[in-house]
Amino acid sequence: MAEAEIARGLEGIVFTETELSFIDGQNGKLYYLGYPIEELAEHSSFEEVSYLLLHKRLPTADELALFKEKLVKNRSLAVEKIASFASYPRTAHPMASLRTAISEIGLFDPTEEDTSFDSLYEKSISLISKFATVTAAIKRLREGHMPVEPDPELSHAANFYYMLNGEKPSPEQEKLLDVALILHAEHGMNASTFTALAVHSTASDIYSSIVAAIGALKGPRHGGANEQVMKMVQEIGKPEAARGWVQGKLANKERIMGMGHRVYKALDPRAVILKKYAEIVAKAHGKSTEYEILTIVEEEAGKVLNPRGIYPNVDFYSGVVYSDLGIPTEFFTPVFAVARISGWTAHILEYTRMDNRLLRPKAKFVGELDRKYVPIDKR
């Protein structure tokens, strides 16, 4: 162990195999089960992508209809759960509320301790469905409103928008939210996915794994980064101030939020797609100021950062997308979780199909040995 090489942040460490997603960071490519993310964003739906991740294949029309039906049946929450959510402090971060809510749902699930594959699959569908309902309910209660009952006639994205805002989305808004959910559904062995698998490898219940993943996603270095981008936009204030603001930050060697990624050394393909749809909604609904600020920041910062392999990541445009959809900044990360639950559960199912080997890394010991204990009265 004295000569062990340390991989800081576990960089470069490979501990398992996966078919779920492949990231070509050098060329800015992302694939789910071999399908380019651009094709899925353009032609698929969040429901179909969730099926793809859980089953590792695209569904037939009948299979997709049945899958959607299952999601719809799992949307509703018991009245007592809503009452419990209402008791959460409004000062708490929404991710803390989501973490507690999912833990509560697991607590009252009689099948919680059943870790068989079939049971995990059914709970995965329930969690994918309920994440949207729980997040929307927490938002409404924090705003002093009663939660909105799910509409079984709406798609997952449209229903989520409806439960968040109390009104049905336009076709442009539905498509934008659907695309955002698709783009955030899966992204390899990121911190929250790894955390979920670390807990799952102990043979714990799926709710414990997902609660742990929520805790990891809550961090500003992971899911919380999109909140920091919107704080940057608010700090800049108006488009005409953007270039000077960027120049000042770069001169002081300060970070531009939403620029750069641990994996991508080229433009994040998700950022490209979100930028396209963000522009469509900004034009259709008149909320173009934030979008304009970001395009100027991207252009100005890119003059210095692009040659270094630093480009906008998915967080750069996701914030303005969520803002245009009427979602408050503090709920950006919970919305991320509403999408990523599909990836988390898919990885849990995949790891279950393997040997679900207990994750047990080592740490290099650098302390002293054979130290003599000194009684407390002589220290």
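Of the residues in segment 21-51, how many are assigned to a loop (DSSP other than H, G, I, E, B) and either exposed (fewer than 13 other Cβ atoms within 10 Å of the Cβ) or assigned by TED's automatic domain parsing to the domain that holds residue 272 (or both)?
Looking only at segment 21-51, we keep the residues that are assigned to a loop (DSSP other than H, G, I, E, B), and these are 25-28, 33-34, 44-45.
From what is left, the residues that are either exposed (fewer than 13 other Cβ atoms within 10 Å of the Cβ) or assigned by TED's automatic domain parsing to the domain that holds residue 272 (or both) are 26-27, 34.
The total comes to 3.
Could you grab me the full set of residues in segment 325-379 that are under 30 Å from residue 33 (Cβ atoms), assigned to a loop (DSSP other than H, G, I, E, B) and in contact with a helix residue (DSSP H, G or I) (Cβ under 8 Å, 6 or more places away or on another chain)?
325, 327, 356, 359, 361, listed by residue number.
Looking across segment 295-320, the residues that are within 11 Å of residue 229 (Cβ to Cβ), hydrophobic (A, V, I, L, M, F, W, C) and within 23 Å of the chain's Cα centre (by Cα) come down to 314, 316, 320. In the set (1) within 27 Å of residue 210 (Cβ to Cβ); (2) small (Gly, Ala, Ser); (3) not assigned by TED's automatic domain parsing to the domain that holds residue 51, the condition left unmet by residue 284 is number (1). For the criterion of being surrounded by 16 or more Cβ atoms within 10 Å (Cβ to Cβ), of a type in the set (A, V, I, L, M), within 16 Å of residue 346 (Cβ to Cβ) and in the same structural domain as residue 349 (by TED's automatic domain parsing), residue 58 fails. Restricting attention to segment 61-83, the residues that are touching a Ser or Thr at 6+ places or on another chain (Cβ under 9 Å) and either modelled with pLDDT under 95 or not assigned by TED's automatic domain parsing to the domain that holds residue 129 (or both) add up to 2. Scanning segment 267-298 for residues that are in contact with a Lys or Arg (Cβ under 9 Å, 6 or more places away or on another chain), at pLDDT 85 or above and closer than 26 Å to residue 36 by Cα yields 269, 291, 294, 295, 298.
Pairs meeting the criteria (first residue in segment 61-84 and among the hydrophobic types (A, V, I, L, M, F, W, C), second residue not in a helix (DSSP H, G or I), beta carbons under 7 Å, at least 6 apart or on different chains) are 67/59; 72/152; 82/147.
Out of the residues in segment 230-273 that are assigned to a helix (DSSP H, G or I), aliphatic (A, V, I, L, M) and in contact with a Pro (Cβ under 9 Å, 6 or more places away or on another chain), state the one that is farthest from residue 11 (Cα to Cα). Write out each step before concluding.
Kept after step one, since they are assigned to a helix (DSSP H, G or I), are these residues of segment 230-273: 230-236, 239-251, 269-273.
Retained after the next criterion (residues that are aliphatic (A, V, I, L, M)): 230, 232-233, 236, 241-242, 246, 250-251, 271-273.
If we keep only those that are in contact with a Pro (Cβ under 9 Å, 6 or more places away or on another chain) too, we end up with 271-272.
On the way: 271: 23, 272: 26 Å.
Filtering segment 230-273 for residues that are assigned to a helix (DSSP H, G or I), aliphatic (A, V, I, L, M) and in contact with a Pro (Cβ under 9 Å, 6 or more places away or on another chain), the one farthest from residue 11 (Cα to Cα) comes out as 272.
Of all residues assigned to segment 227-240, at least one qualifies as being buried (at least 19 other Cβ atoms within 10 Å of the Cβ) and either charged (D, E, K, R) or not assigned by TED's automatic domain parsing to the domain that holds residue 268 (or both). A single entry from 330, 299, 368, 350 fulfils the requirement of being of a type outside the set (A, V, I, L, M, F, W, C), surrounded by fewer than 18 Cβ atoms within 10 Å (Cβ to Cβ) and touching a residue at least 60 places away in the same chain (Cβ under 8 Å): 330.
Any residue at all in segment 252-267 that's in contact (Cβ under 8 Å) with a residue 40 or more places away in the chain and under 30 Å from residue 140 (Cβ atoms)? Taking every residue of segment 252-267 in turn, at least one turns out to be in contact (Cβ under 8 Å) with a residue 40 or more places away in the chain and under 30 Å from residue 140 (Cβ atoms). Against the test of being within 17 Å of residue 96 (Cα to Cα), of a type in the set (S, T, N, Q) and surrounded by 24 or more Cβ atoms within 10 Å (Cβ to Cβ), the options 193, 133 yield a single qualifying residue, 133.
Per the conditions (1) farther than 27 Å from residue 227 by Cα; (2) surrounded by 20 or more Cβ atoms within 10 Å (Cβ to Cβ), the sole criterion not satisfied by residue 99 is (1).
The values are calculated or read from the model by the stated rules, or taken from the named source; none is laboratory data. Just so you know, these numbers come straight off a predicted model, no measurement behind them. Counting neighbours? That spans all protein chains shown, and the Cβs are built from the backbone with ideal geometry, glycine included.
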